[in-house]
Amino acid sequence: MPRTGEIFPSHRGSVLVAWGETAACLVPWRRGKAVDGDVSTSSTAPILPVTPAPPAGPLVHDSGADTAPGVIVVDSCTSLGTTLVVHLRGEIDHCSSAPLRALLASAADHGYTGLVLDTSQVTFCDSELLAIVESWPRHGRRVRLANRSRAVQRLLAAAARAGRQPAQAPTMAATS
């Protein structure tokens, strides 16, 4: 039996078309017409002309956010016993938080249990800062937000209105 969809040579003005494993039928063959009855060509040229792709420019990494200033800067990082004191400057969002997350992961691996984030120079922050602050207290660790900038105060006020209360400790001065 022929394979499914296979068309066999003409037999008295008809062709044998097979489908499935056990079915076939003889259908009339109309000369000069294509399979669908409307399109016919003897040309082998492509239907659409081949357009060369424009040359690729230099590969540029797009962080997805405005790059100026948009960078979180760890101004300083000091330790007081098992407490890490980090002074931040700039913007804290999903696109800029990776260095801070890496620093805190390393600090946790090295046994730091306390964290003081001085946010007086933070110009913008969103829920990413909340996520960072909420993730630190796992396994008995403590976190404090010190010298909260206006951006941080707005974020915490919005979080409180939404019922989310990270780092409820009062504002305190960080010592370095």
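Just so it is clear, none of the values below were taken in a lab; they were calculated from the coordinates. None of these values were measured; they are calculated from a predicted model. As a convention, Cβ positions derive from the backbone with ideal geometry for all residues, glycine included, and neighbour counts pool all protein chains shown.
Taking the fewest neighbouring Cβ atoms within 10 Å as the starting point, the ordered list for Thr51, Thr119, Thr82 is Thr51, Thr82, Thr119. In a fully extended conformation the segment linking Ala98 and Ala160 would gain 19.8 nm over its present Cα-Cα distance, using 0.36 nm per residue. Spin-label model, Gln153/Thr78: points 7 Å from Cα along the beta carbon direction are separated by 2.5 nm.
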